[in-house]
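A short write-up of the structure that comes next.
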Amino acid sequence: MATQEQNDDRVALLQGTLDLLILKTLLFGPCHGQGVARSIQRQSEDVFLVDHGSLYIALQRLENKQWITAKWGVSENNRKARFYSLTPKGRAQLTEKTGEWQRLTRAMSLILDASQGPQNQEG
């Protein structure tokens, strides 16, 4: 069970960020929803805890955009589950959004790591 401090440290996922994390997870092969959530949590070293309500809404949204497909199968605990797979369209979206995310994080790092204040171009 998570403590309040651990919960406070968790990062809320914005819609586009969750979509990107799901696409990246499915790059490694088909997976059911619970497996996607566990993979994101594990790979983020427990920083990202994906709410199941948000996860399934995101999976539906990605399926509607044809970035992923789903088919019924049986999970490792012998339960019926939907397994999601990345489509070629989803793979292209992953590449595009990864580049955007990398540009954004680089820009944030430039600002946060700056040793001086803003450089004034006037004068």
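The values are calculated or read from the model by the stated rules, or taken from the named source; none is laboratory data. Keep in mind it's a predicted model, so treat the numbers as computed, not measured. Neighbour counts are summed over all protein chains in view; Cβ atoms, including those assigned to glycine, are modelled from backbone coordinates with ideal geometry. For the accessible areas, the whole protein counts, side chains as well, though only heavy atoms, and no ligand, DNA or RNA atoms are used. Shrake-Rupley method; radii C 1.70, N 1.55, O 1.52, S 1.80 Å.
Could you list, ordered by first residue, the pairs with Cβ atoms under 7 Å in which the first is in the range 28-48 and among the polar types (S, T, N, Q) and the second is in a helix (DSSP H, G or I), at least 6 apart or interchain?
That search, which allows pairs on different chains as well, returns S39/T25.
Open to solvent by 20 Å² or more (accessible area, probe 1.4 Å), acidic (D, E) and closer than 23 Å to A92 by Cα - does that describe any residue in the range 42-65?
Yes, the range 42-65 has at least one match.
Just wondering, is there one or more residues in the range 101-122 that are within 14 Å of Q34 (Cβ to Cβ) and surrounded by 12 or more Cβ atoms within 10 Å (Cβ to Cβ)?
No - not one qualifying residue is present in the range 101-122.
Would you confirm whether or not the range 54-74 contains a residue that is among the hydroxyl-bearing types (S, T, Y) and assigned to a strand (DSSP E or B)?
Yes: the range 54-74 contains one or more residues that are among the hydroxyl-bearing types (S, T, Y) and assigned to a strand (DSSP E or B).
Out of the residues in the range 79-93 that are outside any strand (DSSP E or B) and either without any contact (Cβ under 8 Å) to a residue 12 or more places away in the chain or open to solvent by less than 90 Å² (accessible area, probe 1.4 Å) (or both), which is farthest from D19 (Cα to Cα)? Give the derivation first.
Kept after step one, since they are outside any strand (DSSP E or B), are these residues of the range 79-93: 79, 87-93.
Next, only the ones that are either without any contact (Cβ under 8 Å) to a residue 12 or more places away in the chain or open to solvent by less than 90 Å² (accessible area, probe 1.4 Å) (or both) stay: 79, 87-88, 90, 92-93.
Values: R79: 25, T87: 14, P88: 15, G90: 10, A92: 13, Q93: 10 Å.
For the range 79-93, the residue satisfying everything is R79.
S75 passes all but one of (1) more than 14 Å from the chain's Cα centre (by Cα); (2) open to solvent by 50 Å² or more (accessible area, probe 1.4 Å); which number fails?
Answer for S75: the failing condition is (2).
May I ask you to list the residues in the range 12-34 that are of a type outside the set (V, I, T), part of a helix (DSSP H, G or I) and under 13 Å from the mean Cα position of the chain (by Cα)?
Q15, G16, L18, D19, L20, L21, L23, K24, L26, G33
When you go through E76, E100, E96 one by one, which is the residue that is without any contact (Cβ under 8 Å) to a residue 60 or more places away in the chain, farther than 24 Å from T17 by Cα and of a type in the set (D, E, K, R)?
It is E76.
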